[in-house]
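Chemist: Below is a structure I'd like to ask you about.
Computed from the coordinates by the stated procedures, all read-outs in this text should not be read as laboratory data. Everything quoted here is computed from the prediction, not taken from an experiment. We place every Cβ from the backbone using ideal geometry, glycine too, and count neighbours over all the protein chains shown.
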Amino acid sequence: MSRSSTHYISLNLSFRNVSLSRTYKHSVPPGLFKLTATFSLLLLVGCKTSTVTPVALAPEDMCAYCKMAISEKRYAAEFIDSEGQAFKFDDIGCMANFIKSKKNPAKTIASFVMDFDERQWIKAEDAYYVRSSELRTPMNGGIIGFKTESKAQEAAGKFRGQMLRFKDVANP
């Protein structure tokens, strides 16, 4: 091989190595992959949805509206505000009055009522209600809640009451 061809090949390889290395080094800044991966992970963690669950009733719990003891679980209701504070009520009517009076400036993030028959918490927005003057609730609110529409219809017939949804109870 002649000296000029060796020199040509050497220059060509050098030029190729420099052009490839510059293209690679400047097209992807160092640390970009790590930064992108970290940002994506934080974004996914931030998108995690949290579910709010009802707070169990304790024997010493008092109604947030009338200040009476919560003695009969089947009539109980509660809501949780944006600060995480639980407001418990001895009567669904007390919760409705509390909401109407706007005694809590924080936003309500979840509301629950007790199923009259099963005595289990259900979301207030999903419940079916019966209002009747024949119902003897703790503070005479006359409202009971049910998980299913069929149970509420049965109770409405039994107590000669009116079926309602949560929007009707909270804003009559």
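Chemist: I need the calculated FRET efficiency for the pair LYS100 and SER150, taking r as the beta carbon distance and R₀ as 30 Å, to the nearest 0.05.
Modeler: On the way: r = 29 Å, r/R0 = 0.97.
Step by step, r from the Cβ atoms, then E = 0.55.
Chemist: Under 9 Å from the Cβ of ASP90, count the other residues' Cβ atoms, weight Lys and Arg +1, Asp and Glu -1, and hand me the total.
Modeler: It works out to a net charge of -2.
Chemist: Mean separation of Cα pairs under 8 Å and 6+ residues apart, divided by the residue count of the stretch 73-170: what relative contact order is that in percent?
Modeler: Details: 200 pairs, mean separation 27.5, N = 98.
For the stretch 73-170, the relative contact order is 28 percent.
Chemist: On to the next question. By the scheme Lys and Arg +1, Asp and Glu -1, what is the net charge of all other residues having a beta-carbon under 11 Å from that of PHE159?
Modeler: +2
Chemist: Something else: Kirkwood Rh, Cα Rg: Rg to Rh for the stretch 73-170?
Modeler: Rg/Rh for the stretch 73-170 comes to 0.96.
Chemist: Turning to a different aspect of this structure: Going down the list LYS73/LYS103; LYS67/LYS102; LYS102/LYS158; LYS73/LYS147; LYS67/LYS107; LYS107/LYS151, which pairs span over 25 Å between their C-alpha atoms?
Modeler: LYS102/LYS158; LYS107/LYS151
Chemist: If you don't mind, another one. Starting from the Cα of MET163, step 7 Å along the direction of its Cβ; do the same at ASP117; then give the gap between the two resulting points in nm.
Modeler: Taking the two extended label points, one gets 1.3 nm.
Chemist: Let me ask another. How far apart, in nm, are two points set 7 Å out from the Cα along the Cα-to-Cβ line at LYS107 and at GLU125?
Modeler: Going by the 7 Å Cα→Cβ label model, 1.2 nm.
Chemist: Where does the charge balance sit around PRO138 when Lys and Arg score +1, Asp and Glu -1, over other residues with C-beta under 9 Å from its C-beta?
Modeler: On the way: positive: ARG136; negative: GLU72, ASP90, ASP91.
Around PRO138, the charge tally is -2.
Chemist: Along the Cα→Cβ direction, 7 angstrom out, place labels at ALA56 and LYS73. What is the inter-label distance in nm?
Modeler: Computed distance between label sites ALA56 and LYS73 equals 1.0 nm.
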